[in-house]
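**Student:** Sending over a structure as structure tokens; questions will come in a sec.
The values are calculated or read from the model by the stated rules, or taken from the named source; none is laboratory data. Because the structure is predicted, anything quoted here is derived from the model rather than measured. Here Cβ is always computed from backbone atoms with ideal geometry, including for glycine, and neighbour counts include all displayed protein chains. Each accessible area value is taken on the protein alone, full model and side chains, heavy atoms only, with ligands, DNA and RNA left out. Shrake-Rupley method; radii C 1.70, N 1.55, O 1.52, S 1.80 Å.
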Amino acid sequence: MVRGLPFALVLLGLVVAALVGRAEGIEAKCSAGAIVGSKLWARLEAEQGTKELDLTHRLDSKGGRLGRKIAFRDSELRYVELLEDFCEDLPSALPLVRSEGEEPVWSVVGKGHPEEEALALDQFPQKQAKEEMKTVLGNFCFSVLDDHEDGIVGLLKQEDWAGERERQDFLDAFTALVLPKCQGVKADEKEL
């Protein structure tokens, strides 16, 4: 029994290290959350929903239609379409350090963002590292959706965000919901 003790301690150490790494999560959560919120805002703006969903497909014994019509805005279909493949479609973003001694900030890189692209080439010269960071951001997005899906749907039901409200109001409400510690932190102003 004593012979297996060192192996058990090593195994326990590995499990604890894995749990600590998982609990630590992503670095620069506030800026990563701003990217996720900005992507959701872009999906809201691009929404092409119909005014009503016709649910009167059943017929009664006399041939009359049964059911009701509901507003697309209030339908579950709207939220399924908004969040479907959401985290797979995130823009290319990397945690970039702007100047020595600062914390990294998640920034969108690629076309239309030349300054960020130059920093990305300097800080992430290998394609594999960029792909790994895209996976990290995607995993963060999945965890946000998993942990706060009902709250996000409730937030979207509360207001007609794309029709009445401003982008920053939505990002503030989204941040307050999913990352309350990040309230008041200025989000990246760039559109996705």
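**Student:** Can you say whether Ala118 is among the small types (Gly, Ala, Ser) and over 22 Å from Val178 (Cα atoms), as far as the supplied structure shows? Give the steps one after another, and end with the answer.
**Tutor:** Working: among the small types (Gly, Ala, Ser): yes; over 22 Å from Val178 (Cα atoms): yes.
In short, yes.
**Student:** Next question, about the same structure. Could we say that Gly67 is without any contact (Cβ under 8 Å) to a residue 24 or more places away in the chain, in contact with a helix residue (DSSP H, G or I) (Cβ under 9 Å, 6 or more places away or on another chain), surrounded by 10 or more Cβ atoms within 10 Å (Cβ to Cβ) and on the phi > 0 side of the Ramachandran plot here?
**Tutor:** So Gly67 does not fit the description; no.
**Student:** With the checklist (1) among the hydrophobic types (A, V, I, L, M, F, W, C); (2) closer than 15 Å to Ser38 by Cβ; (3) surrounded by fewer than 16 Cβ atoms within 10 Å (Cβ to Cβ) in hand, flag the one item Leu137 doesn't pass.
**Tutor:** For Leu137, the exception is condition (3).
**Student:** Among what's in the stretch 79-132 and is part of a loop (DSSP other than H, G, I, E, B) and acidic (Asp, Glu), pick the residue that is surrounded by the fewest Cβ atoms within 10 Å (Cβ to Cβ). Steps first, answer last, please.
**Tutor:** The first filter runs over the stretch 79-132 and keeps only residues part of a loop (DSSP other than H, G, I, E, B), leaving 84-86, 90-92, 97-104, 109, 111-112, 124-126.
Cutting the leftovers down to acidic (Asp, Glu) gives us 84-85, 100, 102-103.
Details: Glu84: 10, Asp85: 7, Glu100: 5, Glu102: 9, Glu103: 11.
Restricting to residues being part of a loop (DSSP other than H, G, I, E, B) and acidic (Asp, Glu), the top hit is Glu100.
**Student:** Under 9 Å by Cβ, and 6 or more places apart or on different chains, what pairs join a residue from the stretch 35-48 that is under 14 Å from Phe140 (Cβ atoms) and at pLDDT below 90 with one that is open to solvent by 40 Å² or more (accessible area, probe 1.4 Å) and outside any loop (DSSP other than H, G, I, E, B)?
**Tutor:** none
**Student:** Still on this structure, I have one more. Tell me whether the stretch 45-64 contains one or more residues that are part of a helix (DSSP H, G or I) and buried (at least 16 other Cβ atoms within 10 Å of the Cβ).
**Tutor:** We begin by selecting, within the stretch 45-64, every residue part of a helix (DSSP H, G or I); these are 45.
Keeping just the survivors that are buried (at least 16 other Cβ atoms within 10 Å of the Cβ) gives none.
The answer is no; no qualifying residue exists.
**Student:** Let me ask something additional. Out of the residues in the stretch 150-192 that are open to solvent by less than 40 Å² (accessible area, probe 1.4 Å) and part of a loop (DSSP other than H, G, I, E, B), state the one that is modelled with the highest pLDDT.
**Tutor:** Out of the qualifying residues, it is Leu179.
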